[in-house]
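The values are calculated or read from the model by the stated rules, or taken from the named source; none is laboratory data. Computed from a prediction, not measured in an experiment: that's the story for all the values here. Virtual Cβ from ideal backbone geometry, glycine too; neighbours counted across all protein chains shown. Side chains are part of the model used for accessible areas, which takes the heavy atoms of the whole protein and leaves out ligands, DNA and RNA. Shrake-Rupley method; radii C 1.70, N 1.55, O 1.52, S 1.80 Å.
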Amino acid sequence: MREISVLIGGKAGDGINQAGILLARLFSNMGYFVYMYFDYPSLIRGGHNFALIRASEKKISAHRLRIDYIIAINQDTVDFHKSKLRDQNNIIYDSDAINSSGQGLPLSKIIKEEGAKPIMRNSILMGAFARAIGIDYELLEGVIKKNISKELNLNLKLSARGYKSAKELLGLTALKKKSLPVLTGNEVFGLGLISAGLEAYVAYPMTPSSNILHFLASAADNFNLKVVHPESEIGVILMALGFSYKGRRVAVGTSGGGFCLMTEALSMAGMAELPLVIIVAQRAGPSTGIPTYTAQCDLHFVLSAGHGEFPRFVVAPGDSEEAYYWSNAALNISWKYQIPSIILSDKVLSEGAFSFDRESSGNSSREEAVLWKNEGAYKRYLNTDSGISPLAFAPNRGAFIKVNSYEHDEYGITTEDPKEIMPMYEKRLRKEKYLAQELIKYDAVKVYGNKKAEIALLCWGSNKGACIEVAESLGLKVIQPVVFSPFPRESFSDALKGVKKIIDVENNATAQLAGLIAKFGIFPDEKILKYDGRPFTIEELEEKVKAVIS
Amino acid sequence: MSAKELGTSAKNTWCPGCGNFAILNSVKTVLKSIQDDGTPIENVVLVSGIGCHAKIVDYINANSFYSIHGRATPVAEGIKLAGPELKVIGFAGDGDAYGEGIEHLVFAAKRNIDITMIIHNNRVYGLTTGQYTPTSPMGFMGRSTPKGTLEYPINPLELMLASGATFLARGFSHGLEQLKEIFKAAINHKGFSLVDILQVCVTFYNMYEYYDKRVYELKEHDPSNYSLALNKIREWNYHDEAPIALGVFYKKEKETFDGKFISAKKDINLDINANIDKVLADAS
């Protein structure tokens, strides 16, 4: 398999993330599938940031431990990562700042000569790297033109200088395949919501969800969105429920701590039957935890968050196509069933960048909610067979729309009458039964690898990328539940048919998925758990899987 | 629609003599009056928090959102942003809006969003049976502070003025006609308006006699003058002995948050799929 892994590193403020995206798009223009993992500490300037860009002939969403190239802006990048390098000569670095083997370029000197800014060192390095992997300058030029708007000519001049001063090291052949766009998971979540008719997004910044807010705020004009950043996550969800009451398709985004603040109103969304999508991008907790690093530690939290009993839709996509498909589905389902939907992401999926194939992500359009036909007296909570009451929105001349956080009658007036309480309670819960039936037509549980294998890797969320590659290498099956509430028990049982050994792979310490399926009497035979804030590399996971199957 | 038709089948469960009746009756009258002035009733949305005050939305046959304790303000803001054509009126108690959800009031005032907040300020928690609130006087002996509170009250109007509210008034549940006037002015004000109502809780903190002796109507006061408004607002601090002014303290015309949102909308191509394709093309 033709593939390449490149690490670019420097200090925070050196523009590593942007340089990484540019590299990823360069590979994408060569016809490769790409994936980028971005690793950074919780600070604004200094520290050590690096992006790992992997390009492959096959679709990927995981990175390798071993790397083919290092592009270094500071000494730490070389010191921390050169042991992972296949060939110690494949380092392209700033010889004015770093002692290293490989190809050094006097970046400070060049920057000074050209009257450029230090951040533009990246352009010189891009040029040198393009030469090192033996690609035509024109290809790089095209990618730079598309991705850099500030001082384009100077950046082009710098990249050309880098290109000329470097020599070819390890070539990479361009593939005759179409070039896919490269987006972060957070951008794709935004687009998926938009495809289902998103009209408003309300959020308070919190890593790793903030880029959804940034992306939608910048795209607001093109999609006629109202994007609001209120005083707190409590303000966020309550404001969003105001949008929902008015009939505006709305979503909010946060991480674990922010979601904690939202749970009282989540419960109100359940009682008042107000549609709402909540994206919870997980990071390592508890509490502030390791804010810029990844984890899968909030599955049980989102499944049980909020007091009282009410139906909810919970989904955990594992790659960008799933992120698009399921954020669309979540918004449509929220409106169809008038329930809150929670999309569970994590740092790797949210802030990682992926080749995104919209066509293969599945049909994604807006589905209409059940609307009142303006006949008879309006009852906001009309008790129907499906539990779904037709919606009307203010202003409507023939209807007063009364929603209520108290238990209420069909009109929305508070009640404490036992004769009214049970039917209304059951009406709400009934919606979950119909949703579960509808979900049968969705790929709520996915299976990959050797489908006949007796050993299966069980995973969820962004771990699917590493699991699929390891399973393919070892001839195993992969089972990935995507929907968690209502849990697709039947599809899950089907996926387990013929499996004699289940190896549970999770980015947490307590095996939350294993805990969940234990309710159904299913117990994984082995657990491979990682909770240091970093995702599994393929080599690391393969070694651990081999140890438990041998 | 007459004030009578604005009633619902819900049984009123407020205590006899509760100050909330005056608010309910005034609001109904004002809702009728604004309809006569051209605002259809279906364009009005009432929002409440949780507490005795909040039952008001069950008692008025109009659009309503019965929310949770402390959170009427952000709900009202969301509805207004989503539907700028709507008149959004929020009701909240003093424990509710000045305690649990105080930050929302500060930010709504800061934004000058065009909603009206009516605060049923009885200076005691009624529904939870008699604890002190942010506006109870120092030394208030409630069920959570049997020896008296150890903290001074806040002056909510002073806080709101500092936060950027553009309409501030105080009413009293013994002054029905004045309440109607104030409510109507507050609802018609374009911007964030807040009315603090000395709404007496007859069961847990009956202050009728105390207020009756001290209240007076603001006359010859210039509400457009910030300094004069601040002085009048500071005259009584909700603790010390002082005359208690009723009426409109402050009123200023200023651009609203919701107004800016509408004007930000441009003539755009709303073919969502084409626009998504454009984002994807830019990401290659």
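For residue B:236, the solvent-accessible surface computed with a 1.4 Å probe is close to 0 Å², ligands and nucleic acids excluded. With θ taken as phi - 60° and the Karplus curve 6.51 cos²θ - 1.76 cosθ + 1.60 applied, the whole-hertz 3J(HN,Hα) list for the range A:330-340 is 4, 5, 4, 5, 4, 6, 5, 9, 6, 9, x Hz, x standing for glycine and proline. Spin-label model, residue A:363/residue A:145: points 7 Å from Cα along the beta carbon direction are separated by 4.0 nm.
Taken about its Cα centre, the protein assembly as shown carries a charge dipole of about 1220 debye when Lys and Arg each add +1 at the Cβ and Asp and Glu each add -1 at the Cβ. Once you have all Cα-Cα distances for the range A:109-190, histogram them in 5 Å bins from zero and send the whole-percent values. Result returned by the calculation: 3, 14, 23, 19, 17, 14, 7, 3, 0. Here's the list of aspartates and glutamates a cross-link from residue B:213 could span, going by alpha-carbon distance under 13 Å and ignoring same-chain residues fewer than 8 apart: B:241.
A 1.4 Å probe run over chain B, with the rest of the protein chains in place, finds 39 Å² accessible per residue. A Förster distance of 30 Å, applied to the separation of the beta-carbon atoms of residue B:33 and residue B:270, puts the FRET efficiency at 0.20. Accessible surface of residue A:290, taken over heavy atoms with a 1.4 Å probe and every protein chain present, rounds to 60 Å². With 20 Å as the limit on Cα-Cα distance, the pairs of B:190/B:251; A:464/A:546; B:11/B:180; A:11/A:145 that go past it are B:11/B:180; A:11/A:145. Distances between placed amide hydrogens fall under 5 Å for residue A:485 paired with A:314, all partners being 5 or more residues away or on another chain. Counting pairs of Cα atoms in chain A, how many percent are more than 36 Å apart? The answer is 38 percent, as a whole percent.
For the range B:58-137, the alpha-carbon radius of gyration amounts to 1.12 times the rule-of-thumb value 2.2 N^0.38 Å expected for a compact globular protein. Interface residues of the range B:270-284, defined as those with an accessible-area decrease of at least 10 Å² between the chain by itself and the complete set of protein chains (probe 1.4 Å), are B:270, B:272, B:273, B:275, B:276, B:277, B:279, B:280, B:281, B:282, B:283, B:284. The tail of the calculated P(r) for the range B:167-219, taken as Cα-Cα distances beyond 12 Å, holds 66 percent of the pairs. When the accessible areas of B alone and A alone are added and the area of the pair subtracted, with a 1.4 Å probe, the result is around 4600 Å², both sides summed.
Which residues belonging to the range A:381-403 lose at least 40 Å² of 1.4 Å-probe accessible area when the assembly is complete, relative to their chain isolated? Correct list: A:395, A:397, A:400, A:402, A:403.
Seen from every direction in turn and averaged, the convex hull around the alpha carbons of the range B:186-284 projects onto 12.8 nm².
How many percent of the accessible area of the protein assembly as shown is carbon or sulfur, using a 1.4 Å probe? For the protein assembly as shown, the apolar C and S fraction of the accessible surface comes to 52 percent.
Between residue A:101 and residue A:500, the simple label model (points 7 Å from Cα in the Cβ direction) yields a spacing of 4.7 nm. Note on residue B:278 and residue A:438: their simple-model spin labels are 3.1 nm apart, each label 7 Å out from Cα toward Cβ. Applying the criteria of a DSSP loop state and at most 15 other Cβ atoms within 10 Å to the trypsin sites (Lys or Arg not before Pro) of the range B:1-51 yields B:11. Show log10 I(q)/I(0) for the range B:14-103 at q = 0.12, 0.18, 0.20, 0.21 Å⁻¹, two decimals, from a solvent-free Debye sum over equal Cα scatterers. For the range B:14-103 at q = 0.12, 0.18, 0.20, 0.21 Å⁻¹, log10 I(q)/I(0) is -0.36, -0.79, -0.95, -1.03.
Shown is the FRET efficiency for residue B:143 and residue A:490, computed with R0 = 56 Å from the Cβ-Cβ distance and rounded to the nearest 0.05: 0.60.
Considering the range B:44-83, its Cα convex hull presents a mean projected area of 2.6 nm². Look at where the Cα atoms of the range A:334-351 and of the range A:119-148 average out, and the two centres are 37 Å apart. What the phi angles of the range A:14-20 give under the Karplus curve with 6.51, -1.76 and 1.60, with θ = phi - 60°, is a coupling list of 7, x, 5, 4, 5, 5, x Hz, glycine and proline written as x. Of the residues A:164, A:82, ranked by 1.4 Å probe accessible area with the largest first, the sequence reads A:164, A:82.
With all pairs of separate Cα atoms included, chain B yields a Kirkwood hydrodynamic radius of 19.6 Å. Separation of the range A:415-486 from the range B:177-195 is 52 Å, based on Cα centroids. The simple Förster model, with R0 at 22 Å and r as the Cβ-Cβ distance, assigns residue A:83 and residue A:136 a FRET efficiency of 0.10.
Distance between Cα centroids, the range A:497-522 to the range B:38-86: provide it in whole Å. The range A:497-522 and the range B:38-86 have Cα centres separated by 46 Å. Taking amide hydrogens as placed 1.01 Å from N in the peptide plane, the amide H of residue A:253 sits under 5 Å from those of A:202, A:204, A:279, each at least 5 positions away in sequence or on another chain.
Were the residues from residue A:425 through residue A:66 laid out at 0.36 nm apart, the gain over their Cα-Cα distance would be 123.7 nm.
Accessible-area rank, largest first, for A:393, A:313: A:393, A:313, with all protein chains present and a 1.4 angstrom probe. Using the Karplus relation 6.51 cos²θ - 1.76 cosθ + 1.60 with θ = phi - 60°, the per-residue 3J(HN,Hα) values for the range A:233-246 come to 5, 5, x, 4, 6, 5, 5, 4, 5, x, 4, 4, 4, 7 Hz, with x marking Gly and Pro. Cα gyration tensor of the range A:184-361, axes a ≥ b ≥ c as square roots of the eigenvalues: rounded (a/c below 1.5), prolate (a/b > b/c) or oblate? Rounded, since a/c falls under 1.5. In terms of its C-alpha gyration tensor, the range A:3-165 has a rounded overall shape, because the principal axis ratio a/c (a ≥ b ≥ c, square roots of the eigenvalues) stays below 1.5.
Close amide H contacts of residue A:449 (hydrogens built in the peptide plane, cut-off under 5 Å, sequence separation of 5 or more or a different chain): A:478. Taking the inverse of the mean 1/r over every pair of distinct Cα atoms in the range A:370-442 gives a Kirkwood hydrodynamic radius of 13.2 Å.
An oblate overall shape is assigned to the range A:445-549, the ratio a/c of its alpha-carbon gyration tensor axes (a ≥ b ≥ c) being 1.5 or greater and a/b not exceeding b/c.
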